[in-house]
Amino acid sequence: MNIKSLLLGSAAALAAVSGAHAADAIVAAEPEPLEYVRICDAYGAGYFFIPGTETCLKIGGRVRSEGEWYDAYNPNSRVGTLWHTRAELSVDTATDTEYGPLKTNTVIRWDWNDGGSTSTKLLFANISLGGFTVGKLDSQYNLYVGYAGDVINDDVIYDGPYELNQLTYNYDAGNGFTAMVSLEDSNSASDGSASYGASWWTDDKSNHYAPDVVAGLGFKSGAWGVKVVGGYDSIVEEGAVKVRVDADFGVFSAFLMGGYNTDGDKLNKYAGTNLDRSACPVNDPSKCGWGDWAVWGGGSVPINDKLKWNIQLAYTDSKIFAATTNLTWNPVKNLTLRPEVSYTNFDSVNQDQWAGIMRFERSF
């Protein structure tokens, strides 16, 4: 066999092999189409569709760190400086239904104090649909009318209970008129203790099944708004009513709120106290509460688009006076610096207290 025949044979063999491989060639599969995250602006900023669903999701939260000097709630506080740091994570969902948006709200909180004191808790978790809300929130006694001013120490004079389970219905007529009714957990535990407020004054009972009841009415027109809310403590069998007037004129906003206790000699969930036991006489804890009535007032004045001044004053029939003022500074978006000073006078024990807070907070 000569070289020419060898080369021709080799070429034929290579062609045959190539043809066989061409017949068995692997065809690449078509790539799956990408599903990009879609913005869901029907429920406000920050929501997006969960891929593959019609449910909208929003993730947010905040990180806070603050130094505290003394305690506006305790006339005997001698804390020089307490440094407190907090983180919160919130997850909200919303889905459109034939009855309106089906929503959930979940907030988890982590706290760290000087000395290694830590805590983790489920702050809020609730479901809402068609005006109804069920789950854990602050009491509607506070939520419906609003908190007592844009200050940190807003509840030195107690304005109502906070975190508790509830079944609430909110009605909005669309013409400025609103209404609310809520059945709320009494927070009584199997051992008769309570998980709210200053536990030394509570009178909860084990195996108590009757809920507390809160109801409210409101009307807003232009710069003015008025709301009234009442709460009944099913264990103490007493309650309280608050009436609030708000005004917002742009250059400043202000509010005035008054509360009436159905029995000034008793403390209940709606006319109680957050104060330390030392703030009232040993034999008369009711002096840490409202007595027959309490009043709050305050306002906010925007100094410029980044700086605002806030103030709150409060006084009770039991002769407790509280005053708090602060500055809210937003040097950049979603970053807040807030220095605050509080003064409290406890007449029944002839003591007073100054307190201060410097807070740094980043929200997202």
>> Return the pair list, or none, for Cβ contacts closer than 9 Å from residues in the range 293-316 that are of a type in the set (Lys, Arg) to residues that are outside any strand (DSSP E or B), at least 6 apart or on different chains.
In response: 308/150
> Being touching a residue at least 60 places away in the same chain (Cβ under 8 Å), of a type in the set (A, V, I, L, M, F, W, C) and open to solvent by less than 50 Å² (accessible area, probe 1.4 Å), is that true of even one residue in the range 334-341?
Replying inline: no
> When you look at residue 265, is it at pLDDT 95 or above and either closer than 19 Å to residue 233 by Cβ or in contact with a helix residue (DSSP H, G or I) (Cβ under 9 Å, 6 or more places away or on another chain) (or both), yes or no?
Replying inline: no
> Taking the range 189-225 on its own, how many of its residues are under 23 Å from residue 167 (Cα atoms), small (Gly, Ala, Ser) and at pLDDT 85 or above?
Replying inline: 4
>> For the range 226-238, which positions are in contact with a Phe, Trp or Tyr (Cβ under 7 Å, 6 or more places away or on another chain) and at pLDDT 95 or above?
In response: 226, 227, 229, 231
>> When you scan the range 232-246, do you find a residue that is in contact with an Asp or Glu (Cβ under 8 Å, 6 or more places away or on another chain) and closer than 14 Å to residue 142 by Cβ, even just one?
In response: yes
>> For the range 77-101, give me each residue that is more than 30 Å from residue 130 (Cβ to Cβ), hydroxyl-bearing (Ser, Thr, Tyr) and modelled with pLDDT of 95 or more.
In response: 85
> Residues of the range 147-163 being closer than 13 Å to residue 184 by Cα and either open to solvent by less than 10 Å² (accessible area, probe 1.4 Å) or in a loop (DSSP other than H, G, I, E, B) (or both), which ones?
Replying inline: 160, 161, 162
> In the set 130, 61, which member is open to solvent by less than 30 Å² (accessible area, probe 1.4 Å), more than 30 Å from residue 346 (Cβ to Cβ) and not aliphatic (A, V, I, L, M)?
Replying inline: 61
> Out of the range 98-127, which residues are open to solvent by less than 40 Å² (accessible area, probe 1.4 Å) and over 21 Å from residue 161 (Cα atoms)?
Replying inline: 100, 116
>> Checking residue 352 against (1) closer than 25 Å to residue 287 by Cβ; (2) open to solvent by less than 70 Å² (accessible area, probe 1.4 Å): exactly one of these is not met. Which one?
In response: (2)
>> Given (1) over 15 Å from residue 148 (Cα atoms); (2) of a type outside the set (Asp, Glu); (3) assigned to a loop (DSSP other than H, G, I, E, B); (4) touching an Asp or Glu at 6+ places or on another chain (Cβ under 6 Å), identify the lone condition not met by residue 286.
In response: (3)
>> Can you confirm whether residue 281 is modelled with pLDDT of 95 or more, open to solvent by 20 Å² or more (accessible area, probe 1.4 Å) and either farther than 23 Å from residue 65 by Cα or in a strand (DSSP E or B) (or both)?
In response: no
>> Just checking, does the range 172-179 include any residue being modelled with pLDDT of 95 or more, assigned to a strand (DSSP E or B) and farther than 30 Å from residue 299 by Cβ?
In response: no
>> If residue 212 meets every condition in (1) closer than 18 Å to residue 265 by Cα; (2) in contact with a Ser or Thr (Cβ under 8 Å, 6 or more places away or on another chain); (3) not aromatic (Phe, Trp, Tyr) apart from one, which number is that one?
In response: (1)
>> Please count how many residues of the range 322-333 are open to solvent by 70 Å² or more (accessible area, probe 1.4 Å) and either of a type in the set (Val, Ile, Thr) or assigned to a strand (DSSP E or B) (or both).
In response: 2
> Where residues in the range 75-96 are open to solvent by 30 Å² or more (accessible area, probe 1.4 Å) and assigned to a loop (DSSP other than H, G, I, E, B), which of them is farthest from residue 279 (Cα to Cα)?
Replying inline: 81
> Just to be sure, is residue 305 open to solvent by 10 Å² or more (accessible area, probe 1.4 Å), among the acidic types (Asp, Glu), over 27 Å from residue 208 (Cβ atoms) and in contact with a Phe, Trp or Tyr (Cβ under 9 Å, 6 or more places away or on another chain)?
Replying inline: no
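The values are calculated or read from the model by the stated rules, or taken from the named source; none is laboratory data. Everything numeric here is computed off the predicted structure, so don't read it as measured data. Every residue, glycine as well, gets a Cβ built from its backbone with ideal geometry; the counts of neighbours run over all protein chains shown. All accessible areas refer to the heavy atoms of the entire protein, side chains included, with ligands and DNA or RNA removed. Shrake-Rupley method; radii C 1.70, N 1.55, O 1.52, S 1.80 Å.
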